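The values are calculated or read from the model by the stated rules, or taken from the named source; none is laboratory data. Bear in mind the structure is a predicted one, so any value in this text is a computation, not a measurement. As a convention, Cβ positions derive from the backbone with ideal geometry for all residues, glycine included, and neighbour counts pool all protein chains shown.
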Ligand code: CMP
């Protein structure tokens, strides 16, 4: 089933000029980029986006990281998009991610792990809606 999921190319990816390589990989994997925007998250946006993690010990540091520089937010469409993106990204910790996954190739720590992807179809709808309106998804 064709799904739309949300990805964020995180500040580490933008700072290290890895955006092009990662977008090329996503297209090779069959994703269609149906919306994309470069933004700098405000502290309020980062806090709200990651609200599910607000009790975690890494929350404050995560918000600081996600607001340190620009990111690319993108809506990606494909059959089985949510699960396929999770597979292509690899485990949260780049050191534990399967070789060849985006996080294994481009992440440098469990926090600075290059890319975010929605973890369920329900969260994908919420996260796509956080950044894009229906009219943006062309
Ligand atoms: P992401 O998949 O975007 O979801 C939560 C983010 O928190 C995660 O990627 C990492 O960037 C960051 N993070 C930092 N420390 C941890 C940790 N110990 N476990 C999970 N996520 C972490």
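The set of residues in the stretch 69-88 being without any contact (Cβ under 8 Å) to a residue 60 or more places away in the chain and either assigned to a loop (DSSP other than H, G, I, E, B) or within 11 Å of the ligand (Cβ to nearest atom) (or both) consists of 69, 70, 86. Of all the residues in the stretch 30-44, those that are part of a loop (DSSP other than H, G, I, E, B) and within 15 Å of the chain's Cα centre (by Cα) number 3. For the stretch 7-44, the set of residues classified as away from the ligand (no atom under 16 Å from the Cβ), without any contact (Cβ under 8 Å) to a residue 60 or more places away in the chain and surrounded by 13 or more Cβ atoms within 10 Å (Cβ to Cβ) consists of 19, 23, 29, 30, 31, 32, 33, 36, 40, listed by residue number.
Just need a number here: residues in the stretch 2-29 that are part of a loop (DSSP other than H, G, I, E, B) and either under 16 Å from residue 77 (Cβ atoms) or modelled with pLDDT under 95 (or both). The total comes to 1.
One residue is enough: does the stretch 99-109 have a residue meeting the conditions more than 18 Å from residue 126 (Cβ to Cβ), within 12 Å of the ligand (Cβ to nearest atom), surrounded by fewer than 21 Cβ atoms within 10 Å (Cβ to Cβ) and modelled with pLDDT of 95 or more? The answer is yes, given that some residue of the stretch 99-109 is more than 18 Å from residue 126 (Cβ to Cβ), within 12 Å of the ligand (Cβ to nearest atom), surrounded by fewer than 21 Cβ atoms within 10 Å (Cβ to Cβ) and modelled with pLDDT of 95 or more. Of the listed requirements (1) free of Cβ contacts under 8 Å to residues at least 40 places away in the same chain; (2) surrounded by 19 or more Cβ atoms within 10 Å (Cβ to Cβ); (3) away from the ligand (no atom under 13 Å from the Cβ), residue 94 misses just one: (3). Scanning the stretch 45-68 for residues being under 20 Å from residue 9 (Cβ atoms), part of a loop (DSSP other than H, G, I, E, B) and within 11 Å of the ligand (Cβ to nearest atom) gives a total of 2.
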